[in-house]
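Novice: Input: one structure, supplied below.
The values are calculated or read from the model by the stated rules, or taken from the named source; none is laboratory data. The structure displayed is predicted, hence computed values, not measured ones. Here the Cβ is made from the backbone with ideal geometry for all residues, glycine too, and neighbour counts use every protein chain on show. The area values use the complete protein model at the heavy-atom level, side chains included, leaving out ligands, DNA and RNA. Shrake-Rupley method; radii C 1.70, N 1.55, O 1.52, S 1.80 Å.
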Amino acid sequence: MKKVITAALMCLVLLGCSDNKTQEKALLDSVIKIHDKVMGNDDRLMHNKMKLDTLLKTKLTGVPDTAAAKAMLMGLNIQLTDAEDAMEKWMGKFDPDQKGKSHQDIMNYFSVQKTQITTIDSAMNAAITASNKYLDQLKK
């Protein structure tokens, strides 16, 4: 009887560990998915940043208030740079290898990372949208 109970408990422990690993992998995968989306937007960010840099270095012609236009360009450039820097900083600190840590520590770490990369995604999308809008106005 003791052998049966011991075997049953061992099975429960193994199944519990398997479930923990599945949860950890699912959360890590969601972090990586957001990361990949952000990295996909990086090209657009860099493209817009280069356009804004070029505009800042040139004389703005046909713009009634060049000081306001330059301030706008600088603000958009800073917004794009901040989003890019946040991504680079996050990537430098992110450690997907959480071996040797408890399940709860791993889940907490990946949850915090997911929140951080989601915030970076939002900041990057806002910067790209604002700079796209401004650059589109200049084309007209």
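Novice: Cβ-Cβ below 6 Å, separation at least six or inter-chain, first residue in the range 114-140 and more than 20 Å from residue 29 (Cα to Cα) and part of a helix (DSSP H, G or I), second among the charged types (D, E, K, R) and open to solvent by 40 Å² or more (accessible area, probe 1.4 Å): which pairs?
Specialist: Once the first residue is more than 20 Å from residue 29 (Cα to Cα) and part of a helix (DSSP H, G or I) and sits in the range 114-140, its partners that are among the charged types (D, E, K, R) and open to solvent by 40 Å² or more (accessible area, probe 1.4 Å) give 128/44; 135/51.
Novice: Is it true that residue 99 is part of a helix (DSSP H, G or I) and of a type in the set (Lys, Arg)? Lay out the reasoning, then the answer.
Specialist: Values: part of a helix (DSSP H, G or I): no; of a type in the set (Lys, Arg): yes.
No.
Novice: Would you call residue 108 among the polar types (S, T, N, Q), assigned to a helix (DSSP H, G or I) and open to solvent by less than 40 Å² (accessible area, probe 1.4 Å)? Let's see the steps before the verdict.
Specialist: On the way: among the polar types (S, T, N, Q): yes; assigned to a helix (DSSP H, G or I): yes; open to solvent by less than 40 Å² (accessible area, probe 1.4 Å): no.
In short, no.
Novice: Moving on to the next point. Which of the residues that make up the range 58-96 are outside any helix (DSSP H, G or I) and at pLDDT 90 or above?
Specialist: Scanning the range 58-96 gives 94, 95, 96.
Novice: Would you please name the residue that is most open to solvent (accessible area, probe 1.4 Å), looking only at residues in the range 47-57 that are at pLDDT 90 or above and closer than 14 Å to residue 78 by Cβ?
Specialist: The initial filter retains those residues of the range 47-57 that are at pLDDT 90 or above, namely 47-52.
Next, from what is left, pick out any that are closer than 14 Å to residue 78 by Cβ: 48-49, 52.
Working: 48: 0, 49: 35, 52: 0 Å².
Here the residue is 49.
Novice: Would you confirm whether or not the range 71-83 contains a residue that is farther than 18 Å from residue 29 by Cβ, touching a residue at least 60 places away in the same chain (Cβ under 8 Å), polar (S, T, N, Q) and surrounded by 13 or more Cβ atoms within 10 Å (Cβ to Cβ)?
Specialist: no
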